[in-house]
Number of protein chains: 2
Amino acid sequence: MTTTVLLATHNRKKLDELRRILRPLVPDVKVLGLDDVPPYAEPAETEPTFEGNARLKAQAAVRHTNLPSLADDSGLCVDAMNGMPGVLSARWAGRQPGRPREYELLLDQLADVPDERRGAAFVASVVLVLPDGTEHVAEGRLTGRIAREPRGQGGFGYDPVFIPDGESRTLAEMTPEEKDAISHRGRALRRIAPILAKAAAERARG
Amino acid sequence: MTTTVLLATHNRKKLDELRRILRPLVPDVKVLGLDDVPPYAEPAETEPTFEGNARLKAQAAVRHTNLPSLADDSGLCVDAMNGMPGVLSARWAGRQPGRPREYELLLDQLADVPDERRGAAFVASVVLVLPDGTEHVAEGRLTGRIAREPRGQGGFGYDPVFIPDGESRTLAEMTPEEKDAISHRGRALRRIAPILAKAAAERARG
């Protein structure tokens, strides 16, 4: 029996990533995105933590669709910025027309920060809310450093300027499979997958 | 006898501000800016603290001019940004043509941050280095909150979006005298002024 789960996002790249990661872990899972369900008023991301924002989004998704719903909130935490952009990563460059890409602004902001203080971590929090109200949370983290120049065409967001520990390539220079194996979101999703599989099995039993 | 002090900045508004503040405190002081002395290679602001960057600038100024030299480093520390923009305040919006004003970007970044989490502080560190190598440091702080919309034509930088504690106006809606009386830089400079006056008196004697 197919299990349907909603990922509370409009971002096709996040959906593709989740499908790639869940497929081997949760057989017969069908992942919908917010463009696949009737539209509803989505909550603003007003919380100070990734987990808080992911929970807001997953709870709203269950409330409006009654589907098992996953939401992630994630971002780049830069040491020299006391952990920012953090929960503000997605809107770091603002909303004005002609704004730079997020990673371009970040490189400009960090231009005078020397190599030894360019440490950073990608952090993802994933919250699964089931129709009965049960909540599960998982976090994933990938540590590394901020490059001096963007490199690579893969990935999205800040990937072209993030070099994982032990690597010389940026995340955007890796294949999707290489990225999934180490990424913050991959790690968080692999932690939540067994819970989703168990919930699916219980649903199948009725 | 006139005492000459160099403020290591090209910013005319900072010079005017320093002159206004020092005039009643250090009689006969003459304040020069970096545009009034032969140009030299100024250090990049590579330090993680206001004090560290102010020290770099003041030490370089003494080394190149042999004048008693003041430098300030200051910025806006936003609670919901873990204290950033902080030392990166002056380059927060990057360097690209067509970039927004610093405070416009900040308002965009904080658009989803609710009123109860909009606390912030302006912090200034002032370092005085004398030709004999003696160093003095003073810090000033002004706490308040980030407005929803810019207001006022006075001041500079983030003043139009900063509302000091106990005020309903932004810093940019105050007169220069009102601002100096409470501002972070005013507080830091008033702490360093007696040291400058004492150094001036010793120079006059010696």
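Below are the figures for this structure:
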quantity	calculated
In region B:5-57, the residues that are open to solvent by less than 60 Å² (accessible area, probe 1.4 Å) and acidic (Asp, Glu)	B:GLU17
Residue tally, condition touching a residue at least 12 places away in the same chain (Cβ under 8 Å) and either of a type in the set (Ser, Thr, Tyr) or outside any loop (DSSP other than H, G, I, E, B) (or both), over region A:100-114	7
From the options B:ALA58, B:ALA120, residue that is in a helix (DSSP H, G or I), away from chain A (no Cβ under 12 Å) and touching a strand residue (DSSP E or B) at 6+ places or on another chain (Cβ under 7 Å)	B:ALA58
Flag if A:HIS10 is within 24 Å of A:THR175 (Cα to Cα) and either at pLDDT below 95 or not charged (D, E, K, R) (or both)	yes
Subset tally (residues that are in contact (Cβ under 8 Å) with a residue 40 or more places away in the chain and more than 14 Å from chain A (Cβ to nearest Cβ)) for region B:39-55	3
Among residues of region A:181-198, those that are closer than 20 Å to A:PRO150 by Cα and assigned to a helix (DSSP H, G or I), counted	2
Residue in region B:121-135 that is hydrophobic (A, V, I, L, M, F, W, C), over 23 Å from B:GLU51 (Cα atoms) and either out of contact with any helix residue (DSSP H, G or I) (no Cβ under 6 Å at 6 or more places or on another chain) or modelled with pLDDT under 95 (or both) present	no
Residue match in region A:131-144 (condition: closer than 18 Å to A:SER89 by Cα, outside any strand (DSSP E or B) and not polar (S, T, N, Q))	no
Region B:96-106, residues that are more than 21 Å from the chain's Cα centre (by Cα) and more than 8 Å from every other protein chain (Cβ to nearest Cβ)	B:PRO97
Residues within region A:83-94 that are open to solvent by 30 Å² or more (accessible area, probe 1.4 Å) and at the interface with chain B (Cβ under 7 Å from one of its Cβ atoms), tallied	1
Some residue of region A:62-73 being more than 17 Å from the chain's Cα centre (by Cα) and hydrophobic (A, V, I, L, M, F, W, C)	yes
Region B:66-82 - residue that is open to solvent by 20 Å² or more (accessible area, probe 1.4 Å) and under 17 Å from B:LEU142 (Cβ atoms) and, of those, farthest from the other protein chains (Cβ to nearest Cβ)	B:SER74
Criterion: farther than 28 Å from B:PRO85 by Cα and either surrounded by fewer than 18 Cβ atoms within 10 Å (Cβ to Cβ) or in contact (Cβ under 8 Å) with a residue 40 or more places away in the chain (or both) - qualifying residue of A:PRO97, A:PRO176	A:PRO176
Residue among B:ALA181, B:ALA201, B:ALA147 that is out of contact with any Phe, Trp or Tyr (no Cβ under 8 Å at 6 or more places or on another chain), small (Gly, Ala, Ser) and either over 18 Å from B:ARG19 (Cβ atoms) or in contact (Cβ under 8 Å) with a residue 12 or more places away in the chain (or both)	B:ALA201
Given (1) free of Cβ contacts under 8 Å to residues at least 60 places away in the same chain; (2) not in a loop (DSSP other than H, G, I, E, B), number of the condition A:LEU76 does not satisfy	(1)
Top-ranked residue in region A:150-167 [being open to solvent by 30 Å² or more (accessible area, probe 1.4 Å) and charged (D, E, K, R); ranked as nearest to A:GLY75 (Cα to Cα)]	A:ASP165
Residue match in region A:188-199 (condition: open to solvent by less than 70 Å² (accessible area, probe 1.4 Å) and more than 17 Å from A:THR4 (Cα to Cα))	yes
Hits in region B:145-168 - residues which are more than 24 Å from B:ARG12 (Cβ to Cβ), of a type in the set (D, E, K, R) and not in a strand (DSSP E or B)	B:ARG148, B:GLU149, B:ASP165, B:GLU167
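The values are calculated or read from the model by the stated rules, or taken from the named source; none is laboratory data. Since we're looking at a predicted model, the values are computed, not measured. Cβ sites come from the backbone with ideal geometry, for glycine too, and all protein chains shown count toward neighbours. Accessible surface is based on the protein model in full, side chains and every heavy atom, while ligands, DNA and RNA are left aside. Shrake-Rupley method; radii C 1.70, N 1.55, O 1.52, S 1.80 Å.
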